[in-house]
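Taking it in order: structure first as structure tokens, then the write-up.
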Amino acid sequence: MLCGWPARAYSDEVVVVVNPAAPAGEAIARNTLSAIFGMRLRAWEDGTPIRVYVLPDNHAVHVMFCKQILGAFPHQYRTAWDRLVYSGTGQAPLEVASEQEMRARVAGIRGEAAVVVGSEEEMRAKVAGTAGAIGYLTRKMIDESVTVVPVE
Amino acid sequence: MKVLPWCRSSRSVRTPQSLPWWPALILWPGLCGPALALEIFEGFQMHGFLSQGYFLTSNHNNLFGESTRGGSLGFTEIGVNASWVPRPDVQLAIQGLSRRAGGAAEGEPELDFALLDYAAVETADRRLGVRVGRVRLPFGLYNDTRDVAFTRPSILLPQSIYFDRVRELAISGDGILFYGEERGSWGNFTLEFLGPYFQRIGSENSELSLFNSELPGDLESRVSWGA
């Protein structure tokens, strides 16, 4: 029934997306998601490294994702990342400049709809290593190059 | 429990002939922010920070005293670090730091941390591991990143706890740290066990704060433990 609804109704909903080859399972637990985006959980269950992509802190979609899905403010995640990075106990997520770029990176080489903002050559080199990637997009940006994972 | 030095002083100046302590004003329009954040290749990141403070203090200020000659720029913190995660359970990290703070630190570059982190157990809700090398000491709430202006809640951390005169004793040590982390819906719980490790006691600041004068001879570090 939901499929019959106009897509526009969902255009502002933020969803979690993963690389189609990433072993994320049918759904992802909220705790696990906050451990992943808090940069504390580093591998999928099968040992594949998790590559976390985020939009800039002040990006409207990042703010929506933090508040609606993670239940925290962007600055709380930024502080958590800084504390990991500057104590040598963790790394920061990879920041992408736009949603289109995020879709291209998460999709990997197979992403034909890779509309890349910035240098495409540099982009291609980085996209080559995005097995295990996770990010988020508004629903209107979803296409077959990424897999949507529901959050429980 | 220790009394904060400025709290103690503030009570002593509450006398009829002196003004209350609160007009004391510290201006710190510091510049700070992540100067760089780069992923050089997959799993290898570099980050840095730079803060430059400008201190202008008013009269009736028992902590810093009154500024002379229009304030001071004598507070700079610069750090650069690199980290590499070759596999999800291993991380190597190193950070160099230069800190200039009045007469307490003159900006000599120092090795802040250099460690290998290995997680023996990692599941979605648990991580057990060990850090070896020069590790940040789990002391107070902010010791881990106390020199990074955008991770601390105040201009300077309270000196009763984060005592900058003996910072090398508290900031990092050379040894082994075991840690466990439990992630629940209620939050993260972390337990850290430190030891054996050796304290860093090379500088004259440590000697001055322990003996209040410079004495002949050298300080020697013995094996320490902590949790």
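Since every read-out is calculated from the coordinates, none of them should be taken as a lab result. All figures in this text were calculated on a predicted structure; none of them were measured in a lab. Backbone-built Cβ (ideal geometry, glycine too); neighbour counts: all protein chains shown.
Calculated FRET efficiency, B:Arg152 to A:Asp143, Cβ-Cβ distance, R0 = 35 Å: about 0.20 to the nearest 0.05. The distance between label points at B:Ala120 and B:Thr190 comes to 2.0 nm (points 7 Å beyond Cα on the Cα→Cβ vector).
Annotation for B:Tyr54 and B:Arg87: the two label points, set 7 Å from Cα along the Cα-Cβ direction, are 5.2 nm apart. Ranked by the mean number of other Cβ atoms within 10 Å per residue, highest first, peptides B:40-46, B:90-96, B:66-72 order as B:90-96, B:40-46, B:66-72. Other residues within the sphere of radius under 9 Å centred on the Cβ of B:Leu157, judged by their own Cβ, net out at +1 (K and R +1, D and E -1).
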